[in-house]
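Undergrad: I am attaching a structure below and will ask some questions about it afterwards.
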Amino acid sequence: MFGSQNTGILYSLGGVWLVTVSIGMGLYWWFKYRPMSLFSSLIVALGIASFALSIIDTALSLHLALLISLSKWLGISLLVVGGLCELGLLLLLIFQAVGLWYQSARTLQHNLLLSLGIVVGLAPLLITISKAWLPPKLDQVLLAFEKIIGGYVIIWLTLLLFAILTYYLVQPRYDKEYVLILGAGLTNGKIVSPILAHRVQKGLAFAHRQYQLTGKYPLVMMAGGQGNDEELPEAVAMANYALQQGFPPAYLLTETTSRNTFENMAFAKQLLVTKGIALNRGIFVTSGYHVFRASVHALDNGLLINGIGAKTRRHFWFDALIREYLAILARYKYVHLIAIVGAALWATSIGYR
């Protein structure tokens, strides 16, 4: 016999999995028709959380002992990994901050590193001191504030990692009218550097693949001006490199005045408008770690396009990831100020409840 209680359980599980599948379908639609953003990575995180909760709910409802056991071990593992990540983040932040100090780079990035290092590193010590010297209510406020801010910092890092990961998983469609390749420094002021060569090769490979599939080459735009220590604009060196690789010159275009990623996007947009090319029918190419932040600058300039990441050496990833993370934090500094005030009020309400 199949009782009413079992029927209710099945209906409940059906509803849970319907929500999860709906989120999955929404994710597919979003990444197919919309460019990446922090909001996109938040949706990915919610989708993964929904899938995990659906599995746990299924295990508990149907009394699946193996899944319940695995869920418990997964929870313990996450706590251990979280602690190790916090310790590792502290050491890495201090290492980066000291490096910037010796380079005399007293910038906003340096201040953010020091601030994060203090928050992550001194929190346990401050909590210990507060328990011994502060009134219990105020101690509870500080403890709650530390937990809220710590979670807030980790959430932003998680969203950035999800965004970077998603860019690797979501494959672009071969229907582009242009490929925008972002510049980087030249070796000896005139030679395409290895990191820049990877970007150009990635962009050309995309263009060749689209031609194989559709018979139509996209316009390939090289973007990058001339630095103080360079003998020619980066875009010109990139175009010369592409010609040496045998790419058809009729499909090459150079933007030679930009000095940073924001200007890459802004000046490229001006050229695209001049040539009457649809702004949303393109893709940009940069190094893997830089794709997400470049997409933010693209959106700032009205370019609703995604990007693809070129190969990046493994030893360079950490330094680059920290810089990208700090740049994203600096971009939303007013949001963080509001969050800190909100965290203080929330912690106060918890401590004096």
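Undergrad: If I go through region 186-218 residue by residue, how many of them are among the hydroxyl-bearing types (Ser, Thr, Tyr), assigned to a helix (DSSP H, G or I) and free of Cβ contacts under 8 Å to residues at least 12 places away in the same chain?
TA: 1
Undergrad: I'm trying to understand the selection: among the residues of region 219-233, which are in contact with a strand residue (DSSP E or B) (Cβ under 6 Å, 6 or more places away or on another chain) and either crowded, with 23+ Cβ neighbours inside 10 Å or in a helix (DSSP H, G or I) (or both)?
TA: VAL220, MET221, MET222, ALA223, listed by residue number.
Undergrad: Can I ask one more? Do we have any residue at all in region 242-258 that's at pLDDT below 95 and touching a Lys or Arg at 6+ places or on another chain (Cβ under 7 Å)?
TA: no
Undergrad: Answer yes or no as to whether GLY150 is of a type in the set (Gly, Ala, Ser), in contact with a Ser or Thr (Cβ under 8 Å, 6 or more places away or on another chain) and either surrounded by fewer than 20 Cβ atoms within 10 Å (Cβ to Cβ) or assigned by TED's automatic domain parsing to the domain that holds LEU213 (or both).
TA: no
Undergrad: Testing GLY224 on (1) on the phi < 0 side of the Ramachandran plot; (2) under 28 Å from the mean Cα position of the chain (by Cα), one condition comes back false. Which one is that?
TA: Exception for GLY224: condition (1).
Undergrad: Something else: Can you name the residue in region 278-304 that is surrounded by 17 or more Cβ atoms within 10 Å (Cβ to Cβ) and more than 19 Å from the chain's Cα centre (by Cα) and, of all such residues, is nearest to GLU177 (Cα to Cα)?
TA: GLY282
Undergrad: Please report, ordered by residue number, the helices (runs of 4 or more DSSP H) entirely within region 240-353 with at least 2 residues that are free of Cβ contacts under 8 Å to residues at least 40 places away in the same chain and under 28 Å from GLY150 (Cβ atoms).
TA: Result: 314-331, 333-351.
Undergrad: Out of all the residues in region 242-273, which are of a type in the set (Val, Ile, Thr) and either closer than 20 Å to GLN210 by Cα or crowded, with 17+ Cβ neighbours inside 10 Å (or both)?
TA: Residues satisfying the conditions are THR254, THR256, THR261.
Undergrad: Would you mention how many residues in region 212-235 are within 14 Å of TYR174 (Cα to Cα) and in contact with a helix residue (DSSP H, G or I) (Cβ under 9 Å, 6 or more places away or on another chain)?
TA: Qualifying residue count, region 212-235: 5.
The values are calculated or read from the model by the stated rules, or taken from the named source; none is laboratory data. Treat the numbers as computed from the prediction; the structure is a model and nothing was measured. A quick note on method: Cβ atoms are made from the backbone with ideal geometry, for glycine too, and the neighbour counts reach across all protein chains shown.
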